[in-house]
1. Examine the range 87-97 for a residue that is assigned to a loop (DSSP other than H, G, I, E, B), open to solvent by 10 Å² or more (accessible area, probe 1.4 Å) and farther than 27 Å from residue 342 by Cα, and state whether such a residue exists.
2. Of the conditions (1) of a type in the set (Lys, Arg); (2) open to solvent by 70 Å² or more (accessible area, probe 1.4 Å); (3) without any contact (Cβ under 8 Å) to a residue 24 or more places away in the chain, residue 248 clears all except one; give me its number.
3. Please determine, by comparing only the residues of the range 25-50 that are of a type in the set (Val, Ile, Thr) and more than 40 Å from the chain's Cα centre (by Cα), which one is modelled with the lowest pLDDT.
4. I need the full set of residues from the range 54-70 which are within 21 Å of residue 110 (Cα to Cα) and in contact (Cβ under 8 Å) with a residue 60 or more places away in the chain, in order please.
5. Within the range 46-86, how many residues are among the aliphatic types (A, V, I, L, M) and closer than 25 Å to residue 200 by Cα?
6. Is there a residue being outside any loop (DSSP other than H, G, I, E, B), open to solvent by 80 Å² or more (accessible area, probe 1.4 Å) and of a type in the set (A, V, I, L, M, F, W, C) anywhere in the range 171-181?
7. Anything in the range 155-170 that is open to solvent by 70 Å² or more (accessible area, probe 1.4 Å) and of a type in the set (A, V, I, L, M)? List them, or say none.
8. Could you list, in sequence order, the residues of the range 107-143 that are closer than 12 Å to residue 273 by Cβ, touching a Leu at 6+ places or on another chain (Cβ under 7 Å) and of a type outside the set (A, V, I, L, M, F, W, C)?
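The values are calculated or read from the model by the stated rules, or taken from the named source; none is laboratory data. This is a predicted model, so every value here is computed, not measured. Here the Cβ positions follow ideal geometry from the backbone for every residue, glycine too, while neighbour counts run over all protein chains shown. Just the protein is used for accessible areas: all its heavy atoms, side chains included, with ligands, DNA and RNA removed. Shrake-Rupley method; radii C 1.70, N 1.55, O 1.52, S 1.80 Å.
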Amino acid sequence: MEALRKAYGSVRGFRLLHWGPILTLCLIAFISYSTVVNVVIDGKGRVPGPIELGWYFFSVAMLTLSYLKASFGGPGHAPVGWAPACQADREKLQFCKRCKGFKPPRAHHCSVCNKCSLKMDHHCPWINNCVGHHNHKDFFLFLSYVLVACTHSCILLGPYTLRGAWHVFPRMHRYPAHLVLRLYQMLMAMVLAMSLVVSIGCLWAQQAQSIVENATGIEQWILRKATARDREKPFVYPYDLGMLRNLKMVLGPFHLWSCPMRTPAKAEASDGIHYPLRKGCGPYDLTEEQLQQKKLKKDRSYHVTVKRDFNTTCFNSPNILPYMCWTYGCGATFACPDCEEGRLSVAVGERILVTRVRKHWLYARRQHSEGDARWNERGWVPRGAVNDPLQAEEDDAKQPPPTKEKKAAAAAAAAAAAGGDNKKQRSRNGNHSKVE
């Protein structure tokens, strides 16, 4: 299935051949089926009226439509070999070696999609696509309708399920098997719906903040680094147009906010390459800041030597937890980085370039010539697999300060060594005088 997905990734129907869409659609179907069959058809729980029932079906239909539009529509991608018309503007943009072209403002290369996505926010495995310029609204509406539909399912299933569990589970042998299984189904559907409300609610809050600020998740990270960096003038984010205009940039006119249809107002229209700007800002302010940050990142990069083999195939082993704890430490085992960025297999004696540092992991890349097929291999490596000089410095910093007795002993040893050197020097001078 994974081979088919990679081979036919450009075919829209094959986008669903991934664990993310399959699991998402199965969860939606299971919760919706359990709610409709048990509450509406069988009359268990609180039976909703026609208006409430119509609203539930509407929210399920809208979340499904928004999901399919977000997954199949995609964020939009930069044309292959794209370059600005003005030669001077090219010096202010990043060049993508994989796409053989310049990255438009706010575009970033996705290593999973292997394309430069316009106004990229992140790559979402649940829709098996990037969230960006064209599908940001669809993705946000999908999250919104999931919250509405799952909350409604909990309200419909909750009273009967909890009351049935209280009375049936202590005396299950007295009830028919099909009734107990139906109760288990309703309980599982309610627990899944509540879990989705909590998890999706956190993601919805992040996306709402991103829309209000008109800044993607990547741009928020760039902005935090730009604010923390020493500079003569404070950095001004060029795409913050005010809350109302920022909302219209993504959601369109107010009367279409709840509809998965992207029709922004004419003044805020954007083609994914050119965007409305804040007064006094230029179109390449953010890209120039990103280039400066990448230069600083390159200056802070350093080489390390691998002291212990690390093979990514070990994650397929059922004994991965004890193996990782024993070999690389429990910190690296339970603080794994984002799985979408991948891991890098390394061998003893190999030298790699570290570009990002975490407490238990290092993000590194191999050093090969550009013509080599492996020249751009990169990923996360456990910190315990390499001789990391920064780790040694951190360990030294954690050592407790020397006590007064240790300081006095060190001073006495230094004085004794200095006295011995003075005696040797005087004896040498005396021998020289005798020879003369």
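1. yes
2. All conditions are met except number (2).
3. 47
4. 67, 69, 70
5. Summing the residues that are among the aliphatic types (A, V, I, L, M) and closer than 25 Å to residue 200 by Cα in the range 46-86 gives 8.
6. Scanning the range 171-181, I find at least one residue that is outside any loop (DSSP other than H, G, I, E, B), open to solvent by 80 Å² or more (accessible area, probe 1.4 Å) and of a type in the set (A, V, I, L, M, F, W, C), so the answer is yes.
7. 155, 162 - these are the residues of the range 155-170 that are open to solvent by 70 Å² or more (accessible area, probe 1.4 Å) and of a type in the set (A, V, I, L, M).
8. 133
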